[in-house]
1. Please label the shape of the chain as rounded, prolate or oblate, based on the square roots a ≥ b ≥ c of the eigenvalues of the alpha-carbon gyration tensor (a/c under 1.5 means rounded; beyond that, a/b larger than b/c means prolate, else oblate).
2. For helix 11-23, report the angle its Cα long axis makes with the longest principal axis of the Cα atoms of the chain; keep it between 0 and 90° and round to the nearest 10°.
3. If you put +1 on each Lys and Arg Cβ and -1 on each Asp and Glu Cβ, how big is the dipole of the stretch 28-70 around its Cα centre, in Debye rounded to 20?
4. Which value, in debye to the nearest 20, gives the size of the charge dipole of the stretch 7-87 about its Cα centre, when Lys and Arg are +1 and Asp and Glu are -1 at the Cβ?
5. Could you tally the net charge around Arg30, taking each other residue with its Cβ under 14 Å from the Cβ of Arg30, Lys/Arg +1 and Asp/Glu -1?
6. Of Trp70, Ala88, Leu5, whose Cα points farthest to the positive end of the dipole of the chain (charges on the beta-carbon: +1 Lys, Arg; -1 Asp, Glu; origin at the Cα centre)?
7. Would you mind telling me the antiparallel percentage of the DSSP bridges in the chain, rounded to 5?
8. Run the numbers for Gln14 and Tyr48: contour at 0.36 nm per residue of separation, minus the present Cα-Cα distance, in nm.
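None of the figures in this text is laboratory data; all of them are computed from the coordinates on show. None of these values were measured; they are calculated from a predicted model. Here the Cβ positions follow ideal geometry from the backbone for every residue, glycine too, while neighbour counts run over all protein chains shown.
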Amino acid sequence: MPPPLRLIWSDAAQDDLYLLRAGLADDCERAKRIGRIILDAADCVADYPERGTVGTAPGTRELPLPGLPWRLVYRQDYRGVVILRLLA
């Protein structure tokens, strides 16, 4: 198996993650669980970038997050896998 690709979070994706986390500030355990699901999914696309489905925007892929109403939107480029957004 080839090594995982470099994982890069865009500024917009980091903002999405921050806003999501802020919305869960009242439930620390839930925030940790959801954060773990998101980070595990991001790690997965670094290992298997073709795992998600073809995205709605050209050149992107989307990976639904299990048990959550959000999906990771990402693309692969010369730098690695770029997480573009975390969308509902």
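1. prolate
2. That works out to roughly 20 degrees.
3. 200
4. Here the size comes out at about 100 debye.
5. Working: positive: Arg21, Lys32, Arg33, Arg36; negative: Asp26, Asp27, Glu29.
Spelling it out: positives minus negatives among the neighbours equals +1.
6. The one lying farthest along the dipole's positive direction is Leu5.
7. In the chain, approximately 80 percent of DSSP beta bridges are antiparallel ones.
8. 10.1 nm
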